[in-house]
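In what follows, a single structure is set out as structure tokens and then discussed.
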Number of protein chains: 2
Amino acid sequence: MSDTIVRFDLPQSAIPTRWYNIQADLPRPLPAVLHPGTHQPVGPSDLAPLFPEALIMQEVSQERFIEIPEEVREIYKLWRPTPLLRARRLEKLLGTPAEIYYKYEGVSPSGSHKLNTAVPQAYYNKMAGIQGLTTETGAGQWGTALSIACGFFGLECIVYMVKVSYQQKPYRRAIIQSFGGKVTASPSDTTETGRRFLAEDPESTGSLGMAISEAVEVAATSGGKYKYALGSVLNHVLMHQTVIGQEALLQLRRAEAYPDVVIGCVGGGSNFAGIALPFVRNNLAHGYKTRIIAVEPAACPTLTRGKYVYDYGDTAGMAPLVKMHTLGATFVPAPFHAGGLRYHGMASVISELYDQGLIEAASVPQLECFGGALQFLRSEGIVPAPEPSHAIAMVIREALKAKEEGQKKVILFNLCGHGHFDMAAYDAFLQGKLSDYEYPQEAIDAAMAKVPQIG
Amino acid sequence: MSDTIVRFDLPQSAIPTRWYNIQADLPRPLPAVLHPGTHQPVGPSDLAPLFPEALIMQEVSQERFIEIPEEVREIYKLWRPTPLLRARRLEKLLGTPAEIYYKYEGVSPSGSHKLNTAVPQAYYNKMAGIQGLTTETGAGQWGTALSIACGFFGLECIVYMVKVSYQQKPYRRAIIQSFGGKVTASPSDTTETGRRFLAEDPESTGSLGMAISEAVEVAATSGGKYKYALGSVLNHVLMHQTVIGQEALLQLRRAEAYPDVVIGCVGGGSNFAGIALPFVRNNLAHGYKTRIIAVEPAACPTLTRGKYVYDYGDTAGMAPLVKMHTLGATFVPAPFHAGGLRYHGMASVISELYDQGLIEAASVPQLECFGGALQFLRSEGIVPAPEPSHAIAMVIREALKAKEEGQKKVILFNLCGHGHFDMAAYDAFLQGKLSDYEYPQEAIDAAMAKVPQIG
């Protein structure tokens with residue numbers, strides 16, 4: 001029976017004890033983060049109003065491994081190790097000689113990988129005596145994760161939810177509230193910034209940029225009572241996700257396989273980093289030759305069509321300047337259905353790896369993603385969130401290429417979350433109401449023209 | 001670390017190879033099923049238009065164990081063995097000396113235990129050369145499961161969905177359709193019966209009874225092209241669910257525990273049977289003294305306030321007469337939020353066990369259930385479906401009793417599904433819009449007065 005095993009489980013004792021910090025292995029250090037006003041490098045003290053010291057230290061650490069606190073591992077046990085599965089039925093459907101493995105992070109209480117970092121962020125804030133965390137959420141995955149994590153540690157959780165999502169996704173709001181989070185539709189009258197947005201446009205349905213501004217304001221003006229939490233992009237956030245790839249390495253050993261290709265979708269970069277970075281390390285330090293592919297939406301092609309320059313992290317230009325692949329901070333992506341991938345920029349770590357040629361990037365259009373998602377769910381039984389459907393579309397391309405070339409190949413991808421709260425998107429797809437979005441170069445050029453010229 | 005383990009996993013080789021058929025161990029045989037017209041015992045040939053022979057044979061089998069086909073076990077591997085978890089954080093919250101374990105069936109592709117029987121039902125129909133299956137769905141769990149199972153075996157799946165659910169739960173409809181099921185709102189103009197219902201009331205929002213009638217008609221008049229599938233109540237359906245309890249026995253051995261109390265919610269009886277029957281067997285055959293408690297909604301108190309008499313399985317009186325605990329086939333439960341528990345009757349097996357004093361029964365009101373569900377989800381991170389929240393409420397009662405009595409006690413319950421598609425119910429609860437439903441005895445008496453007097 002062993003040749004038909006589809007799931008490779010690990011005991012709870014195999015939950016990683018350390019996060020992997022790729023900063024220790026990068027061929028050159030990450031470019032400095034700059035103050036948005038002075039354009040001078042930002043120091044730890046600049047970040048202190050928003051983050052506790054432990055997380056700031058992780059953000060700039062050059063240590064290769066950072067120990068995971070026992071209290072965090074205790075919580076991880078509620079869902080980790082997550083399963084590694086072999087998609088035998090999908091392989092058969094495609095008629096490919098490739099072996100397809102996927103790490104499934106949708107088994108977490110929040111339904112995605114986001115909880116891997118929400119828990120340590122809540123923990124370090126709790127240890128620092130903080131009373132609660134503020135954050136923003138668009139699609140809702142991050143707000144859900146932070147609300148759960150805060151609940152576990154007895155912290156308040158204040159979530160600014162983009163108003164259009166708040167209105168269109170009442171069940172996302174309800175799950176955040178069920179876990180104890182306080183949800184406010186943004187823009188709101190609870191902050192200075194929110195009131196300003198509303199004065200400009202009382203009918204505003206909000207944006208992630210506005211919600212960030214509100215959440216940051218509440219933390220920054222709370223006199224230390226609240227801090228702010230971010231669900232992707234930052235170095236420490238990506239590092240927390242490396243439990244995914246570390247477990248996958250152990251599980252693939254059980255499967256007696258090693259990947260020729262590792263695939264993940266990228267928005268801010270955190271789920272991709274989670275699966276990919278431990279394999280990047282093996283390439284860098286141990287001479288492995290695994291291809292590592294970041295897949296982004298054709299409608300928000302940050303790596304494949306953006307430039308590697310300094311740009312603001314937020315739309316309003318209040319956040320620090322980061323050197324990253326960007327489409328321009330004022331770029332507004334179309335309302336396609338992978339809300340988690342609609343960010344104009346890219347994590348510094350991912351940008352640097354791509355610039356160094358250590359990872360590949362590709363973009364796929366929305367309809368191909370949903371088509372692939374249907375093939376996957378009808379074979380494997382799991383409804384993928386729209387975000388990882390981008391990884392799935394790429395996996396299918398690679399598997400069909402292997403078939404054409406008659407080549408045996410091991411593919412690993414990260415199924416970073418389920419789509420139980422995204423059925424409206426599937427419904428639209430099944431009814432033929434979805435279309436692809438592709439940006440004319442002029443739209444990208446216009447946003448890029450507004451990016452400050454630095455370095 | 002071993003004393004803090006919260007999850008007890010089994011390898012895929014431990015998926016049960018046999019279903020357990022409690023008919024072999026009952027102190028007396030189950031009462032005969034009677035023809036609704038003649039009141040004479042129904043034979044296998046009476047069921048042939050609706051079910052394939054293999055399932056009819058399982059329905060009446062007296063064999064203790066029935067082998068699970070390898071093709072079914074291959075599919076079970078997509079999610080089985082399901083996890084057994086210890087609710088350490090809930091124990092701590094309650095301050096109870098009790099150990100609380102739960103089997104989590106929500107990891108299945110359909111999100112509930114229903115797939116355990118949908119897969120073998122689809123398999124046996126495929127083997128019999130059937131082209132497709134018809135069924136009804138109310139809350140949507142069963143329609144989802146059958147749609148997935150039919151897809152795995154290349155069968156058509158025709159789902160009659162109660163019209164009010166079809167309209168109020170578009171995402172349930174969408175997930176069934178994503179898996180390839182064809183969904184029709186019932187009553188519909190696609191059947192004789194449906195057209196009759198519509199002629200009587202063009203605005204009818206449907207009922208489970210109407211949807212059953214439509215699904216049965218399509219199968220019965222298809223000349224053998226389609227058969228019909230039921231998601232609970234029948235002996236073979238309950239038997240298929242015994243994989244749950246068999247796995248739990250192995251997992252509890254790993255946890256070095258044996259339950260003093262086993263708890264499951266009951267509607268038709270299938271998830272309860274799944275967890276409980278292997279423990280009933282240990283009581284009957286090996287002298288164990290485990291208390292086994294079936295928990296039902298106070299708003300549909302079939303066991304605790306119904307009578308053990310012959311009654312129709314459906315509202316229209318077209319289905320066979322079964323001796324069961326019933327509130328009367330014309331009893332209409334209030335629109336409370338555990339759609340899967342709104343059945344007027346109870347599986348024959350469960351009714352007989354209760355009548356013999358081999359299991360206990362209790363009822364809990366809706367608000368207590370949602371309150372318990374919130375305590376559970378904030379401790380354990382999993383959002384329970386409204387149905388198993390009844391089991392959770394009972395677990396909390398037992399755990400608090402153990403605390404009062406200073407008594408160590410091992411409790412096991414079946415968390416038969418997640419509530420990702422039930423957030424509207426949580427939302428209503430959080431907003432204080434839910435209330436309890438309790439039936440005046442006259443309402444039950446009125447329905448019982450219409451039950452035929454047999455035996």
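The values are calculated or read from the model by the stated rules, or taken from the named source; none is laboratory data. Keep in mind that what you see is a predicted model, and the values were worked out from it rather than measured. All Cβ positions, glycine included, derive from the backbone under ideal geometry; neighbour counts span all protein chains shown.
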- What number goes with the only condition from (1) at pLDDT 95 or above; (2) under 23 Å from the mean Cα position of the chain (by Cα) that B:Thr190 does not pass? (2)
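Return the total of residues in the range A:70-97 being within 15 Å of A:Met394 (Cα to Cα), crowded, with 22+ Cβ neighbours inside 10 Å and either among the hydrophobic types (A, V, I, L, M, F, W, C) or within 9 Å of chain B (Cβ to nearest Cβ) (or both). So that I can check it myself, show each step before the final result.
Here is the first cut: in the range A:70-97, the residues within 15 Å of A:Met394 (Cα to Cα) are A:87, A:90-91, A:94, A:96.
Right, trim to crowded, with 22+ Cβ neighbours inside 10 Å and you get A:87, A:90, A:96.
This time we only want the ones that are either among the hydrophobic types (A, V, I, L, M, F, W, C) or within 9 Å of chain B (Cβ to nearest Cβ) (or both), so: A:87, A:90.
Qualifying residue count for the region: 2.
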- Message: Any residue at all in the range B:62-79 that's more than 22 Å from the chain's Cα centre (by Cα), closer than 16 Å to B:Arg254 by Cα and free of Cβ contacts under 8 Å to residues at least 12 places away in the same chain?
- Response: no
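Kindly establish whether B:Pro31 is in contact (Cβ under 8 Å) with a residue 60 or more places away in the chain, closer than 25 Å to B:Ile100 by Cβ and either assigned by TED's automatic domain parsing to the domain that holds B:Pro81 or not β-branched (Val, Ile, Thr) (or both). I'd like the intermediate steps shown before the answer.
Values: in contact (Cβ under 8 Å) with a residue 60 or more places away in the chain: yes; closer than 25 Å to B:Ile100 by Cβ: no; either assigned by TED's automatic domain parsing to the domain that holds B:Pro81 or not β-branched (Val, Ile, Thr) (or both): yes.
So B:Pro31 does not fit the description; no.
Give A:Glu200, A:Glu247 a once-over and let me know the one that is touching a Lys or Arg at 6+ places or on another chain (Cβ under 9 Å) and farther than 30 Å from A:Pro365 by Cβ.
Working: A:Glu200 fails: touching a Lys or Arg at 6+ places or on another chain (Cβ under 9 Å).
The match here is A:Glu247.
Restricting to helices (runs of 4 or more DSSP H) lying wholly in the range A:350-441: which have 2 or more residues that are more than 14 Å from chain B (Cβ to nearest Cβ) and surrounded by fewer than 20 Cβ atoms within 10 Å (Cβ to Cβ)? Talk me through it step by step, then tell me what you get.
Values: elements: A:366-380, A:389-404, A:423-430.
Per the criteria, A:366-380, A:389-404.
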- Query: Mind checking which residues of the range B:121-140 are away from chain A (no Cβ under 13 Å) and under 13 Å from the mean Cα position of the chain (by Cα)?
  - Reply: B:Thr137, B:Gly138, B:Ala139
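Out of everything in the range A:1-23 that is more than 14 Å from chain B (Cβ to nearest Cβ) and touching a strand residue (DSSP E or B) at 6+ places or on another chain (Cβ under 8 Å), what residue ends up being surrounded by the most Cβ atoms within 10 Å (Cβ to Cβ)? Before the answer, list the steps.
Going through the range A:1-23, the residues more than 14 Å from chain B (Cβ to nearest Cβ) turn out to be A:18-23.
If we keep only those that are touching a strand residue (DSSP E or B) at 6+ places or on another chain (Cβ under 8 Å) as well, we get A:18-21.
Values: A:Arg18: 15, A:Trp19: 26, A:Tyr20: 24, A:Asn21: 23.
Residue satisfying both the conditions and the ranking: A:Trp19.
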- Query: Looking at (1) surrounded by fewer than 24 Cβ atoms within 10 Å (Cβ to Cβ); (2) out of contact with any Lys or Arg (no Cβ under 9 Å at 6 or more places or on another chain); (3) not acidic (Asp, Glu), can you tell me which one A:Gly306 breaks?
  - Reply: (1)
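Looking for something closer than 25 Å to A:Val107 by Cβ and of a type in the set (Asp, Glu) - is there at least one such residue anywhere in the range A:419-442? It would help to see each step written out before you state the result.
Quick first cut of the range A:419-442, residues closer than 25 Å to A:Val107 by Cβ only: A:419-427, A:429.
Among the residues that remain, those that are also of a type in the set (Asp, Glu) are: A:422, A:427.
Yes - at least one qualifying residue is present in the range A:419-442.
Among the residues of the range B:252-278, which ones are touching a residue at least 60 places away in the same chain (Cβ under 8 Å) and of a type in the set (D, E, K, R)? Step through it out loud before you land on a result.
Taking the range B:252-278 first, the residues touching a residue at least 60 places away in the same chain (Cβ under 8 Å) are B:252, B:254-255, B:257-278.
Within the range B:252-278, B:Arg254, B:Asp260 qualify.
Of everything in the range A:63-87, what is in contact with an Asp or Glu (Cβ under 9 Å, 6 or more places away or on another chain) and among the charged types (D, E, K, R)? Give them in sequence order.
Of all residues in the range A:63-87, those in contact with an Asp or Glu (Cβ under 9 Å, 6 or more places away or on another chain) come to A:64, A:78-87.
Scanning the range A:63-87 gives A:Arg64, A:Arg80, A:Arg86.
Which one of these is modelled with pLDDT under 95 and either in a helix (DSSP H, G or I) or touching a Gly at 6+ places or on another chain (Cβ under 9 Å) (or both): A:Ala294, A:Ala316, A:Ala276?
Details: A:Ala294 fails: modelled with pLDDT under 95; A:Ala276 fails: modelled with pLDDT under 95.
Within the list A:Ala294, A:Ala316, A:Ala276, the selection yields A:Ala316.
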- Query: Does A:Ala118 satisfy the condition of being surrounded by 23 or more Cβ atoms within 10 Å (Cβ to Cβ), within 14 Å of chain B (Cβ to nearest Cβ) and over 20 Å from A:Pro384 (Cβ atoms)?
  - Reply: yes
- Given the conditions (1) more than 10 Å from chain B (Cβ to nearest Cβ); (2) at pLDDT below 95, and given that A:Tyr101 satisfies all but one, which numbered condition is not satisfied? (2)
- Message: Please count how many residues of the range A:211-233 are assigned to a helix (DSSP H, G or I) and in contact (Cβ under 8 Å) with a residue 60 or more places away in the chain.
- Response: 9
- Query: If you take the residues of the range B:442-455 that are surrounded by fewer than 13 Cβ atoms within 10 Å (Cβ to Cβ) and part of a loop (DSSP other than H, G, I, E, B), which of them is modelled with the lowest pLDDT?
  - Reply: B:Gly455
- Task: Enumerate the pairs (first residue in the range A:146-170 and more than 13 Å from chain B (Cβ to nearest Cβ) and modelled with pLDDT of 95 or more; second residue anywhere and surrounded by fewer than 20 Cβ atoms within 10 Å (Cβ to Cβ) and not in a strand (DSSP E or B)) with beta-carbon separation below 8 Å, excluding pairs fewer than 6 apart on the same chain, so at least 6 apart or on different chains.
- Result: A:Glu156/A:Gln131
- Inspect the range A:193-203 for any residue being over 22 Å from A:Ala338 (Cβ atoms) and within 14 Å of chain B (Cβ to nearest Cβ) and give the result as yes or no. no
